[in-house]
1. Can you say whether F17 is open to solvent by 60 Å² or more (accessible area, probe 1.4 Å) and of a type in the set (A, V, I, L, M, F, W, C), as far as the supplied structure shows?
2. Every residue in region 1-28 that is in contact (Cβ under 8 Å) with a residue 12 or more places away in the chain and out of contact with any Phe, Trp or Tyr (no Cβ under 6 Å at 6 or more places or on another chain), please.
3. Among the residues of region 201-237, which ones are under 23 Å from F346 (Cα atoms), open to solvent by 70 Å² or more (accessible area, probe 1.4 Å) and either touching a residue at least 40 places away in the same chain (Cβ under 8 Å) or polar (S, T, N, Q) (or both)?
4. Quick check, is S280 open to solvent by 50 Å² or more (accessible area, probe 1.4 Å) and closer than 24 Å to Q35 by Cβ?
5. Of the numbered conditions (1) modelled with pLDDT of 95 or more; (2) within 20 Å of Q54 (Cα to Cα), T251 satisfies every one except a single condition; which is it?
6. Condition first: among the aliphatic types (A, V, I, L, M) and under 20 Å from G29 (Cβ atoms). Now tell me which residues in region 308-318 satisfy that.
7. Going through region 207-264 one residue at a time, which ones are of a type in the set (G, A, S) and within 16 Å of the chain's Cα centre (by Cα)?
8. Regarding region 185-198, can at least one residue be identified that is over 20 Å from the mean Cα position of the chain (by Cα), open to solvent by less than 50 Å² (accessible area, probe 1.4 Å), farther than 17 Å from G278 by Cβ and at pLDDT 90 or above?
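The values are calculated or read from the model by the stated rules, or taken from the named source; none is laboratory data. Since the structure is predicted, the reported quantities are computational estimates derived from the model, not experimental observations. Cβ atoms come from the backbone with ideal geometry, glycine included; neighbour counts cover every protein chain shown. Accessible surface is based on the protein model in full, side chains and every heavy atom, while ligands, DNA and RNA are left aside. Shrake-Rupley method; radii C 1.70, N 1.55, O 1.52, S 1.80 Å.
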Amino acid sequence: MASSMFMTPYCPTKMLFFVCGGVFGLSAGFYGLSQVVWIIEIWQQKAGPFIQAQHFCLSFGSIVPSAVLAPFLKKYEHSHAITAEPVLTEESSIHIPFLIIGTFNSLAFLFQLFLFIFYRYHTPPMYADDNVQQLDDGSHSTIKTELSENVSSKQRELATVKVKRGISSRKIQLFAFGILFLSAYQAMETSTMQFLPIFGQYSDLKLSESDAAHVLTGLMAMYATGRLVGIIIIFKVRPELIIAVNLLLVTMGNTILSVWASGSVSMFWIGSMMLGAGFSTMFPSAFTFIEKHLIISSIFASSTMIFGATASAIYPVILGKIIEHQAVVLTYSNFGSTFVCAIVMFWGYYLTRTTVARE
């Protein structure tokens, strides 16, 4: 991530620019999802608040790029006019914010290297807690294993781990539910954060690049605030209810952007901030919900990243050709993703409820 940030402003060709973007996206995806799996392995059934906390820090850090970039973007209003003669422009200083963000990435790399050298992580047995819940209906086998001394100095006794053997239909359906929901959500979140400033520039508002970046900062501020609140409410509220509220907020924010935002800067801000609140706890709450019914393995995390990245790559291809001519198309794609997330969430809730009823 750090290397791609340092290289991006100096790319001599579009191809190298795309390569740097791809390297950054792939690295960020692996880094974020490996942290989620890591947290679940460490805290297991109690991982919910820690996932929310990790995503709060992620969202808080996401405020930095738009705030750092804004002063270096063009401040004049966007124009669609085409002139025959070339227009002289001042020398770009866009490399400065990229160097700043790359420095932050370098600090994260050094911290991770410090942990790797001095606090080497060892994977503990999954769901070793005595209060572990049944992960699936059917036969279970009891496997006794000795906890590693590196896991905890106080846990050196034998632990009983209940592991579901084989593959069941319900397990496959839960796996598919998680992949579909997280892919649809990731595509919606990524495209919104990429194209929201463009919405402000090419809608009737005709905002400057700098002003549009400030609106994105407002969205990210609500994004971080929502995740901070999520750390607390996850103790009292079931994750499926949090997701339902998130989907409602996203629908309301999209409606505001679709109907009123093109003619009002205030409504553009309100709709964007409502989207930030709606996005805030959806991803960590989805992982918390899935973790209650399915072991989050490296295979699941990798599949989530692959399918999520694929869906996120498709949206820009579609939106990029239309949004400059019809900015409101961003809200249409968000409505479609919200509908998919709602239907898939109903499916996942049904799967888990029917299992509880059988037990």
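1. The answer is yes for F17.
2. Answer for region 1-28, where residues must be in contact (Cβ under 8 Å) with a residue 12 or more places away in the chain and out of contact with any Phe, Trp or Tyr (no Cβ under 6 Å at 6 or more places or on another chain): S3, F6, M7, Y10, C20, G21, V23, F24, G25, L26, S27, A28.
3. Once the filter is applied, which keeps residues that are under 23 Å from F346 (Cα atoms), open to solvent by 70 Å² or more (accessible area, probe 1.4 Å) and either touching a residue at least 40 places away in the same chain (Cβ under 8 Å) or polar (S, T, N, Q) (or both), region 201-237 yields only F235.
4. Spelling it out, it is not the case that S280 is open to solvent by 50 Å² or more (accessible area, probe 1.4 Å) and closer than 24 Å to Q35 by Cβ.
5. That leaves (2) as the condition not met.
6. In the first step, residues of region 308-318 are kept if they are among the aliphatic types (A, V, I, L, M); the result is 309, 311, 313-314, 317-318.
Correct list: A309, A311, A313, I314, V317.
7. A221, A224, G226, G230, listed by residue number.
8. Within region 185-198, one or more residues are over 20 Å from the mean Cα position of the chain (by Cα), open to solvent by less than 50 Å² (accessible area, probe 1.4 Å), farther than 17 Å from G278 by Cβ and at pLDDT 90 or above.
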